[in-house]
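Notes follow once the structure below has been shown.
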Amino acid sequence: MIKIKQIHKSYVTGQNSLHVLKGIDLEIGAGEMISIMGASGSGKSTLLNILGILDDYDSGEYLLNGLFINKLSERKSAHLRNQMIGFVFQSFNLVSFKNAMENVALPLYYQNVPRKKRNLIAMEYLERMGLQEWAHHLPNELSGGQKQRVAIARALIGKPKVILADEPTGALDSKTSLEVMDILQEINSTGITVIIVTHEHDIAMRTKKTIRITDGNITEIVVN
Amino acid sequence: MFEIDKWQEIYSTVRKNKLRTFLTGFSVAWGIFMLIILLGSGAGLENGVKEQFKGGATNGVWISSGITSIQYKGLKIGRPIKFTNEDYKSIKTTVSGPDRISARLFLGNNLISYKNEYGSFFLSPCHPDYGFIKEVSMIQGRFLNNIDITEFRKVAVIGEKVKTALFKGTDTVAMGKYIKINGVLFKVVGIFRDFSRNDDEQKRVYIPISTAQRVFQGENVINQISFTTGDASSAEADLMIQKSRALLSKLHTFDVDDNRAVNIWNKNEEVRKFQALFAGIRMFIWIIGIGTIVAGVVGVSNIMMIVVKERTKEIGIRKSLGATPWSIVALIMQEAIIITSFAGYIGLVLGVGLLELISKKVPASEFFRNPEADFSIAVMATVLLVFAGAIAGFFPAMRAAKVKPVEALRDE
Ligand SMILES: Nc1ncnc2c1ncn2[C@@H]1O[C@H](COP(=O)(O)OP(=O)(O)OP(=O)(O)O)[C@@H](O)[C@H]1O
Ligand SMILES: [Mg+2]
């Protein structure tokens, strides 16, 4: 599903250049569920953003579902994100003025699904998350766990092949974290590839494989 | 279907960001509103003064006899000048240019009656051309004609108000009836309306000057000579006046520069003065109006920039969900266009509404009447503001759309 070879990425700010990813090689098969761990600043988010085509890389090769991803036009990458990838962020990233249902339905708006139909589908996904009663609430009326479940529903609604989650439980208490992990595991069981960046050992243990990044290099791959 | 959906998306965004919408809209609505009020008040002022010039051709010249104020050829100051029919004939035959010319006699208010009804009305003996010079409009019948003059006919053309004052009850038909002017019977041959707003102008009775001289005066004196200058330019008109003045000064032996010996009122000159004044006022209004519009444009631009900044995170989210750059630009631009058009329309309606209200509730005065805004200018200003809003939104929107999604998402 995902194949990367010798990915390098530097951030250039003014005269300084920070070499963050120093030749990452990684292969993730369809239906896998893996976690990425590492110290703060080691480059986990950078890697995930490249995988999600939210950012580009300097050198190397990235194949997503057999498609070579390099310097794509914004139009093409937008299309790929819409079709292939679902994002779950630590800070939820819900649109503040849209209610839960409208937030969930948003990816379908960019697939040109008519409003009524996409709201209906959004309701189904919210129901799967146990949130049908909260459909018409704005994000600031929801708890952290509820917000993250809305975000997961939104990530799923476009029927992606891969879910990329950057510290999805980072802002949640341990009980809620476990619930979110239950959901992500369930999603994985339907065949969707799930990649989770996390700091928490418990969370990593619930994935099938843990990749450890140290200072821009993969230093360890552990099968849990 | 997709298109309707796009509008719905914009509508829901607008509805849920009321303050933002209000701020964007307000500067546009205010700009248009102020522009309309400005244009309207300017027009009201102009209409008010223009009304003062109604009733009488704008190319009319009135020359009245007066009293000398400059010593000339040993003749002393304070000598009254008396015009006669000869003066009228001289001007008519020797001064080239005037297209309508008439002499007038001032007989003041006279007792005029019909059967038991009577009143005091201004009697104005004149030539047929005076109808054109004064621009009276006939409601019924005709104005005076040349045969009336040559045959000394006892005919009268009466004002609308004279008719209603004398012909009442069961006897409302005035045409062909005989009215008594100072005891002499005159046949009513026409009823007129004067365009002047001055009520007194409707209370006049015109009779042939020849008849008046014979019946009421017994001599050939006249008090005023008036003419219209046709299509002449103002310089040509001034020349006609100059020639008439020179002619009269020779005939009556007074200094050509004696402005009291003859009083000359050149309506065209007065109109020109006001036209110059209003050109000034109009320019002033335009400067303020353009200033208002510029302020509106700057306001809209500022708000659009803030809006885009404020929405950077949302743009990042939308992009991560599959929004293309173009869809982002379209979202922001369409929103800007909808808000500014709608606000412009509201400003338009409020402005025009207020002008209508003023028109209706505030009685027309000498200086203000019927304020009206040039609608096409208001619409153009609205279009300009909408366009400015779109442009103002376009550049920040383009920048936002080009930003990599990671960067937009990082924005806190
Ligand atoms: N846009 C940027 N410009 C410059 N430097 C950046 C940028 N984004 C990240 N960095 C730097 O790159 C390094 C890796 O950042 P990254 O966000 O990938 O770390 P991380 O492993 O996700 O850390 P954390 O666990 O704290 O989230 C850090 O040193 C960070 O300061
Ligand atoms: Mg990170």
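Residues in the range A:1-33 that are within 16 Å of ligand 2 (Cβ to nearest atom) and closer than 21 Å to B:SER320 by Cα: A:LYS9, A:TYR11. Of all the criteria given as (1) assigned by TED's automatic domain parsing to the domain that holds B:PHE22; (2) modelled with pLDDT of 85 or more; (3) polar (S, T, N, Q), the one not satisfied by B:SER244 is (1).
Evaluation of A:PHE87 against the conditions (1) more than 7 Å from chain B (Cβ to nearest Cβ); (2) crowded, with 18+ Cβ neighbours inside 10 Å; (3) farther than 30 Å from B:THR21 by Cα; (4) touching a residue at least 60 places away in the same chain (Cβ under 8 Å) shows that the sole unmet condition is (1).
I'd like to check something: does the range A:46-53 contain any residue that is within 30 Å of A:HIS201 (Cβ to Cβ), in a loop (DSSP other than H, G, I, E, B) and within 16 Å of ligand 2 (Cβ to nearest atom)?
Of the range A:46-53, the ones within 30 Å of A:HIS201 (Cβ to Cβ) are A:46-53.
Remaining after also requiring in a loop (DSSP other than H, G, I, E, B): A:52-53.
Next, from what is left, pick out any that are within 16 Å of ligand 2 (Cβ to nearest atom): A:52.
Yes: one or more hits.
For the range A:1-48, filtered to residues that are over 21 Å from A:GLU167 (Cα atoms) and polar (S, T, N, Q), the residue that is least open to solvent (accessible area, probe 1.4 Å) is A:SER10.
From B:ILE287, B:ILE281, B:ILE241, B:ILE293, grab the single residue that is open to solvent by less than 30 Å² (accessible area, probe 1.4 Å), β-branched (Val, Ile, Thr) and closer than 30 Å to B:LEU35 by Cα.
Values: B:ILE287 fails: open to solvent by less than 30 Å² (accessible area, probe 1.4 Å); B:ILE281 fails: open to solvent by less than 30 Å² (accessible area, probe 1.4 Å); B:ILE241 fails: closer than 30 Å to B:LEU35 by Cα.
Just one listed residue meets the conditions, B:ILE293.
For B:THR93, the conditions (1) open to solvent by 30 Å² or more (accessible area, probe 1.4 Å); (2) in contact (Cβ under 8 Å) with a residue 40 or more places away in the chain; (3) part of a helix (DSSP H, G or I) all hold with the exception of (2). Taking the range A:44-73, which residues are of a type in the set (Asp, Glu) and within 16 Å of ligand 1 (Cβ to nearest atom)? Once the filter is applied, which keeps residues that are of a type in the set (Asp, Glu) and within 16 Å of ligand 1 (Cβ to nearest atom), the range A:44-73 yields A:ASP55, A:ASP56, A:ASP58.
Can you tell me which of B:LYS402, B:LYS319 is open to solvent by 60 Å² or more (accessible area, probe 1.4 Å), basic (Lys, Arg), within 14 Å of chain A (Cβ to nearest Cβ) and on the phi < 0 side of the Ramachandran plot? Outline the logic, then answer.
Numbers: B:LYS319 fails: open to solvent by 60 Å² or more (accessible area, probe 1.4 Å).
Sole residue among the options that is open to solvent by 60 Å² or more (accessible area, probe 1.4 Å), basic (Lys, Arg), within 14 Å of chain A (Cβ to nearest Cβ) and on the phi < 0 side of the Ramachandran plot: B:LYS402.
Under the condition of being within 14 Å of ligand 1 (Cβ to nearest atom) and either in a loop (DSSP other than H, G, I, E, B) or of a type in the set (D, E, K, R) (or both), the residues counted in the range A:192-221 number 6. Does the range A:92-99 contain any residue that is within 9 Å of chain B (Cβ to nearest Cβ), among the hydroxyl-bearing types (Ser, Thr, Tyr) and closer than 30 Å to A:ASP58 by Cβ? Among the residues of the range A:92-99, not one is within 9 Å of chain B (Cβ to nearest Cβ), among the hydroxyl-bearing types (Ser, Thr, Tyr) and closer than 30 Å to A:ASP58 by Cβ, which makes the answer no.
Selection of the range B:164-207 for residues being surrounded by fewer than 20 Cβ atoms within 10 Å (Cβ to Cβ), assigned to a strand (DSSP E or B) and of a type in the set (Phe, Trp, Tyr) yields only B:TYR178. Checking each residue in the range B:11-25 for being of a type outside the set (D, E, K, R), buried (at least 19 other Cβ atoms within 10 Å of the Cβ) and more than 9 Å from chain A (Cβ to nearest Cβ) picks out B:THR21, B:THR24, B:GLY25.
Residue check: is A:LEU51 of a type in the set (A, V, I, L, M) and surrounded by fewer than 21 Cβ atoms within 10 Å (Cβ to Cβ)?
Numbers: of a type in the set (A, V, I, L, M): yes; surrounded by fewer than 21 Cβ atoms within 10 Å (Cβ to Cβ): no.
No; evaluated as a whole, the condition is false for this residue.
Scanning the range A:5-43 for residues that are over 17 Å from A:VAL223 (Cα atoms), among the hydrophobic types (A, V, I, L, M, F, W, C) and more than 9 Å from ligand 1 (Cβ to nearest atom) yields A:ILE7, A:ILE24.
The values are calculated or read from the model by the stated rules, or taken from the named source; none is laboratory data. What you are looking at is a predicted structure, and each value in this text was computed from that prediction instead of being measured. Methodologically, a virtual Cβ is constructed for each residue, glycine included, from the backbone with ideal geometry; neighbour enumeration extends over all protein chains shown. Ligands, DNA and RNA are excluded from the accessible area calculation, which covers all protein heavy atoms including side chains. Shrake-Rupley method; radii C 1.70, N 1.55, O 1.52, S 1.80 Å.
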